1. Over its Cα atoms, what ratio of radius of gyration to 2.2 N^0.38 Å does the chain give?
2. Going toward the positive end of the dipole of the chain, with +1 on Lys and Arg Cβ and -1 on Asp and Glu Cβ, which of Trp49, Ala63, Gln93 do you reach last?
3. Could you work out which residue, out of Asp92, Asp76, Asp65, moves most in a Gaussian network model of the chain, that is, has the largest mean-square fluctuation with Cα springs under 10 Å?
4. Please compute the length gained on full extension between Ala11 and Gln68, using 0.36 nm multiplied by the number of residues separating them and subtracting their Cα-Cα distance.
5. May I ask you to evaluate 6.51 cos²θ - 1.76 cosθ + 1.60, the Karplus curve with θ = phi - 60°, for each residue of region 24-34 and list the ³J(HN,Hα) values in order in whole Hz, giving x for glycine and proline?
6. Pulled fully out, how much extra length does the chain show between Glu82 and Arg55, if you take 0.36 nm times their separation in residues and subtract their Cα-Cα distance?
7. Please report the projected area of region 58-107's Cα convex hull averaged over all directions, in nm².
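Just so it is clear, none of the values below were taken in a lab; they were calculated from the coordinates. Only a predicted model underlies this, so the values are computations on that prediction, with no experimental measurement involved. Cβ atoms come from the backbone with ideal geometry, glycine included; neighbour counts cover every protein chain shown.
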Amino acid sequence: MPQPRQYADHAARQRAYRARQAQARRNEQQERGLPPAPALPTLPSRARWQALITRAYLALETARDEMQAYADERSDAWQQSERAAALAEQIDQLSTVLEDLETLAAD
């Protein structure tokens with residue numbers, strides 16, 4: 001016996017799929033503690049760019065914080081290694097980029 005149709009047509013199935021995907025993205029952002037994504041298409045250009053810069057800042061800040069937490073959790077022997085020095089250099093570079101983004105967002 002065939003299963004009853006869940007959706008009236010292919011378009012309804014696609015709408016349901018896109019709605020599920022959008023909800024999954026919102027849930028993932030909420031779990032990570034990120035603010036909801038701004039509605040970029042409806043914002044004026046300058047506000048849109050500021051929103052993009054803010055999102056980039058938050059993403060880079062999260063990466064820097066996670067890298068720092070990773071380094072802090074390692075053993076003392078690891079902290080003296082070349083890998084630790086390379087990671088510290090990357091963290092410093094990210095901090096520099098974040099400072100530049102802060103000045104760009106303030107303009």
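1. Working: Rg = 21.3 Å, N = 107, 2.2 N^0.38 = 13.0 Å.
Computed over Cα atoms of the chain, the ratio equals 1.64.
2. Checked the options; the winner is Trp49.
3. Its mean-square fluctuation being the largest, the pick is Asp76.
4. Values: separation 57, 0.36 × 57 = 20.52 nm, distance 4.64 nm.
Full extension of this stretch gives 15.9 nm more.
5. Here the 3J(HN,Hα) series is 5, 5, 4, 4, 5, 5, 5, 5, 7, x, 8 Hz.
6. Details: separation 27, 0.36 × 27 = 9.72 nm, distance 3.18 nm.
The Glu82-Arg55 span can extend by a further 6.5 nm.
7. Numbers: hull surface 13.1 nm².
Its average projected convex-hull area is 3.3 nm².
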